[in-house]
Amino acid sequence: MTVSRYLSDESQIDLLEGVNDMSPNMVSLHASPGCKQPRHRLQKGAPESNECNSFVNYNQGCGVKINGGLSYGPKFNEVGGGWYALERTKKEIKAWFWSRDDPNVPVEVANRSHHSRGIIQAPIIGENTLLE
């Protein structure tokens, strides 16, 4: 199944989403009716919602909170930020985050090139989600 059928001109992927400088960051997809996330998927982050439909739950979308307190807000700024990476294919959207001082930042990311993959922070995957 591809995600594209659920993405429209009104769909939105938030790589940085927060409220009142409160950490952690949340990566969210706000999409069309029928777009949902599976309950169980391999990820580091903590899912807030599996319902991506922007017409329910006050447009909450399907969001995943990034692990750690350095992904958003004043603490993110104090340490000089960090690195976010987003990969979008026909079958999935993947997001990764590394804090500025994370020893596991892939060299390609630090050098601003395409990176090798590790465990995803916030997967938005196939079943009833993606893009064409």
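The values are calculated or read from the model by the stated rules, or taken from the named source; none is laboratory data. Note that the structure is a prediction, hence the values are computed from the model and not measured. Glycine also receives a Cβ, built like all others from the backbone with ideal geometry; neighbour counts cover every protein chain displayed. The area values use the complete protein model at the heavy-atom level, side chains included, leaving out ligands, DNA and RNA. Shrake-Rupley method; radii C 1.70, N 1.55, O 1.52, S 1.80 Å.
What's the number of the condition K94 fails, among (1) under 28 Å from R39 (Cβ atoms); (2) open to solvent by 40 Å² or more (accessible area, probe 1.4 Å); (3) in contact (Cβ under 8 Å) with a residue 24 or more places away in the chain?
(2)
Which residues, taken from the stretch 55-69, are under 20 Å from Q12 (Cβ atoms), open to solvent by 30 Å² or more (accessible area, probe 1.4 Å) and either assigned to a loop (DSSP other than H, G, I, E, B) or in contact with a helix residue (DSSP H, G or I) (Cβ under 8 Å, 6 or more places away or on another chain) (or both)?
Selection gives F55, V56, Q60.
Name the single residue, out of those in the stretch 97-124 being open to solvent by less than 40 Å² (accessible area, probe 1.4 Å) and at pLDDT below 65, that is farthest from L42 (Cα to Cα).
Ranking the candidates gives H115 first.
Could you tell me whether any residue of the stretch 39-54 is surrounded by fewer than 21 Cβ atoms within 10 Å (Cβ to Cβ), on the phi < 0 side of the Ramachandran plot, part of a strand (DSSP E or B) and in contact (Cβ under 8 Å) with a residue 60 or more places away in the chain?
Within the stretch 39-54, not a single residue is surrounded by fewer than 21 Cβ atoms within 10 Å (Cβ to Cβ), on the phi < 0 side of the Ramachandran plot, part of a strand (DSSP E or B) and in contact (Cβ under 8 Å) with a residue 60 or more places away in the chain.
Please enumerate the residues belonging to the stretch 70-81 that are open to solvent by 20 Å² or more (accessible area, probe 1.4 Å) and not polar (S, T, N, Q).
Scanning the stretch 70-81 gives L70, Y72, P74, K75, F76, E78, V79, G80.
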